Amino acid sequence: MARLRGCLRRLAGAIRSLLFWSLVYGYSGLCASVHLLKLLWSIGQGPAQTFRRAAREHPPACLNDPALGTHCYVRMKDSGLRFHYVAAGERGKPLMLLLHGFPEFWYSWRHQLREFKSEYRVVALDLRGYGETDAPSHRENYKLDCLITDIKDILDSLGYSKCVLIGHDWGGMIAWLIAICYPEMVMKLIVINFPHPNVFTEYILQHPAQLFKSSYYYFFQIPQFPEFMFSINDFKTLKHLFTSQSTGIGRKGCQLTAEDLEAYIYVFSQPGALSGPINHYRNIFSCLPLKHHMVTTPTLLLWGEKDAFMEVEMAEVTKIYVKNYFRLTILSEASHWLQQDQPDIVNKLIWTFLKEETRKKD
């Protein structure tokens, strides 16, 4: 009888796994079909425009603005990868480590580099595969455990044992994982527009609206095609993400300048620059949900209510996974790109959280 029950459990697990991966690859195929139709439509409208790409030989001046900090490079001993980061503030001050999302890079933290350097050593990192950081070619090099190890190694190389950790979007995912796996490394955790990973996993399977908003996760499972679609029409999709009324920075927020936008296009238009960032997403379905998931670090979650990619209800649910002081602030007129959209408000909220005494929940 016990053997029969064991066989039934294994069978049920195999069926769940089959259904899960059928959903992943079925939806991936559907998303790819939609984008293929978009490509065909674009070619029909004008093939020359579709495949046009402007030459960008030199970075915009804003990427070398000394007011933002110093460009630094460090090579990791174990992985051998060279990481790029921009650092502001004096060495020896407490470390504030900033982890960007997709499709971003260190420059998305320009407002915070200026703001917090008075009291912190502020480091805005280019994640593995992004910007001037090395980009391994195989998708296996972008598994979550590799990304977690990167952050641990970065702290070691900077000469710190702990930091204030801030992450936005995909960087928020990594920040949650660091706080879960290495709580001793995180003095305070600040996440912007990304829920606890388990909340995201459970919510997306139960709410079709979030499944639709997260369709790019599934589209990115297709080899090469997503990179190509981002590059057509001189990176029109990238421009749309940051500037459109539906997905871009809020109309009541701090708009990107033409030079800011060109900085993003310059970085992602470099040869092979899109594969590393998209590879981050190509391992996610084999890594979630987490077995160990409780956060014991004081946590601030900031959320732009007009986020086109993440439902605000996930922010509310996240608190059940934080067994310490937890504060959630939702900004009603802010977009997904919160730290760029509302930098003054975001910086003020972060200062308040950093300076207040936080006590662990009973």
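The values are calculated or read from the model by the stated rules, or taken from the named source; none is laboratory data. If you're wondering where the values come from, they're calculated on a predicted model, not measured in any experiment. FYI the Cβ positions are ideal-geometry reconstructions off the backbone, even for glycines, and counts take in every protein chain you see. What goes into the accessible areas is simple: the full protein's heavy atoms, side chains included, and nothing from ligands, DNA or RNA. Shrake-Rupley method; radii C 1.70, N 1.55, O 1.52, S 1.80 Å.
Anisotropy class assigned to the stretch 198-261 is oblate, per the alpha carbon gyration tensor with a/c at or over the 1.5 cut-off and a/b no larger than b/c. Near Phe235: Cβ cut-off under 15 Å, other residues only, Lys/Arg at +1 and Asp/Glu at -1. The net charge is +1. Sorted into 20 angstrom bins from 0, the C-alpha pair distances of the chain split as 28, 59, 12, 1 percent. When all protein chains stay in place and ligands, DNA and RNA are ignored, the 1.4 Å accessible-area order of Thr50, Thr149, Thr247, largest first, is Thr149, Thr247, Thr50. Past 27 Å, Cα to Cα, is the threshold; run Lys117/Lys306; Lys152/Lys323; Lys117/Lys188; Lys38/Lys239; Lys152/Lys239 against it and keep the listed order. Listed pairs above 27 Å: Lys117/Lys306; Lys152/Lys239. Which of Leu40, Leu349, Leu301 moves the most in a Gaussian network model of the chain with Cα springs under 10 Å? Top of the fluctuation ranking is Leu40. Measuring with a 1.4 angstrom probe and ignoring ligands and nucleic acids, Arg110 comes out at about 10 Å² accessible.
Relative contact order, whole percent, for the stretch 217-310 stands at 31, derived from Cα pairs under 8 Å and 6 or more residues apart. Carbon-plus-sulfur accessible fraction, the chain (probe radius 1.4 Å, protein heavy atoms only): 57%. Under Stokes-Einstein, with the Kirkwood radius over Cα pairs as Rh, the value for the stretch 128-179 at 37 °C and 0.692 mPa s is 277 µm²/s. The magnitude of the dipole of the stretch 47-176, with charges of +1 and -1 set on the Cβ of Lys/Arg and Asp/Glu and taken from the Cα centre, is near 140 debye.
Annotation for the stretch 136-199 versus the stretch 297-324: alpha-carbon center distance of 17 Å. Only protein heavy atoms count here; under a 1.4 Å probe, Glu333 has an accessible surface of about 80 Å². With an a/c value of 1.5 or above and a/b not larger than b/c for the gyration tensor axes a ≥ b ≥ c computed over the alpha-carbon atoms, the stretch 208-362 is described as oblate. Taking Lys and Arg as +1 and Asp and Glu as -1, the other residues whose beta-carbon sits under 13 Å from that of Phe225 total +1.
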